[in-house]
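Written out below as structure tokens is the structure these notes cover.
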Amino acid sequence: MGLIIIAAAIIIGMGALATGIGFALLGGKLLEGTARQPELGPQLQTKTFIMAGLLDAVPMIGVGIAMYLIFVVAPTAA
């Protein structure tokens, strides 16, 4: 049971870390692209928000899997 809890913690932690790195890269590329071609700023911002929504879905799926492990798999393993 303890290993299942540790696995769930690793899933959530790695998802949060990867999302933070992804948002940092995404924001940096938005600023870089807007600085290079200011007239494309609104289009780049729209595409960035779409990508941010997709990027944010990954840790939510990880949290769902971790909750499944904690509340369904762990009680049956004990």
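Quick note: the coordinates plus some simple rules give every number you see, no bench work behind them. These numbers come from a predicted model, not from an experiment. For neighbour counting, all protein chains shown are included, and Cβ atoms are generated from backbone atoms with ideal geometry for every residue, glycine included.
Distance between the 7 Å Cα→Cβ label points at Ala7 and Lys47: 3.9 nm. Shape analysis of the chain yields a ratio of the Cα radius of gyration to the Kirkwood radius, Rg/Rh, of 1.24.
Axis of helix 2-36 versus longest Cα principal axis of the chain: the two differ by about 0°, to the nearest ten degrees. The angle between the Cα long axis of helix 41-68 and the main principal axis of the chain comes to about 0°, on a 0 to 90 degree scale.
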